[in-house]
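The values are calculated or read from the model by the stated rules, or taken from the named source; none is laboratory data. Just so it is clear, the structure is predicted and the values come from calculations on it, not from any experiment. Cβ atoms come from the backbone with ideal geometry, glycine included; neighbour counts cover every protein chain shown.
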Amino acid sequence: MSVKTYDEDNIFARILRGEIPCDKLDECEHTLCFRDINPQAPVHLLVIPKGAFVDWDDFAAHASATEQAAFVRAVGRAAKLAGVDASGWRLLSNIGAHGHQEVPHLHVHILGGEPIGPLRAR
Ligand code: 5GP
């Protein structure tokens with residue numbers, strides 16, 4: 001099993017420590033949801049676990065069932081709070097180099113507020 005090293009100084013770790021601000025939409029014991037600083041759609045949210053997980057693989061393998069359930073529920077709650085639950089939205093997570101993950105702390109993107117288009121334009 002490969003173990004990925006968590007970078008304690010990544011930008012989302014710093015947001016979680018309160019060292020840099022974020023535009024928070026929702027928070028619970030295990031998760032934080034805030035608006036992306038460079039939105040790609042009218043609604044562009046990020047949901048992150050508070051635990052130190054590099055990506056989805058790490059979270060799936062090492063997070064507790066409580067943390068995983070809280071994360072799934074936080075995503076659903078965020079879509080409702082943002083008002084895109086009726087119109088539809090996209091959920092995605094970039095993982096690793098080929099996934100174009102830029103911040104090495106697990107996050108999912110919630111995109112909506114207009115038709116998002118096909119998954120991939122080449
Ligand atoms: P990734 O490519 O890793 O899936 O996405 C990282 C996302 O984090 C990008 O959409 C980027 O705009 C966002 N981001 C990077 N730095 C910050 C920041 O300091 N604050 C917020 N709110 N979003 C950030």
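Here are the numbers:
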quantity	calculated
Hits in segment 23-58 (condition: within 10 Å of the ligand (Cβ to nearest atom), assigned to a strand (DSSP E or B) and aliphatic (A, V, I, L, M))	Leu45, Leu46, Ile48
Segment 4-15 - residue that is among the hydrophobic types (A, V, I, L, M, F, W, C) and touching a residue at least 40 places away in the same chain (Cβ under 8 Å) and, of those, nearest to the ligand (Cβ to nearest atom)	Ile11
Which listed residue, of Ala61, Ala82, is surrounded by fewer than 19 Cβ atoms within 10 Å (Cβ to Cβ) and among the small types (Gly, Ala, Ser)	Ala61
Tally of residues being within 24 Å of Arg73 (Cβ to Cβ), hydrophobic (A, V, I, L, M, F, W, C) and in contact with a helix residue (DSSP H, G or I) (Cβ under 9 Å, 6 or more places away or on another chain) across segment 16-30	3
Thr31 being in contact (Cβ under 8 Å) with a residue 40 or more places away in the chain, hydroxyl-bearing (Ser, Thr, Tyr) and touching a Lys or Arg at 6+ places or on another chain (Cβ under 9 Å)	yes
Verdict on Leu81 being within 11 Å of the chain's Cα centre (by Cα) and at pLDDT 95 or above	no
Near pairs, Cβ below 6 angstrom, 6+ apart or cross-chain, from segment 79-103 (over 14 Å from Asp57 (Cα atoms) and touching a residue at least 40 places away in the same chain (Cβ under 8 Å)) to any residue that is within 12 Å of the ligand (Cβ to nearest atom) and assigned to a helix (DSSP H, G or I)	Val103/Ile11; Val103/Phe12
Positions within segment 88-122 being in a loop (DSSP other than H, G, I, E, B), loosely packed, with under 14 Cβ neighbours inside 10 Å, at pLDDT 95 or above and aliphatic (A, V, I, L, M), in sequence order	Ala97
Output for segment 103-114, where each listed residue is within 16 Å of Ala52 (Cα to Cα) and within 7 Å of the ligand (Cβ to nearest atom)	Val103, His107
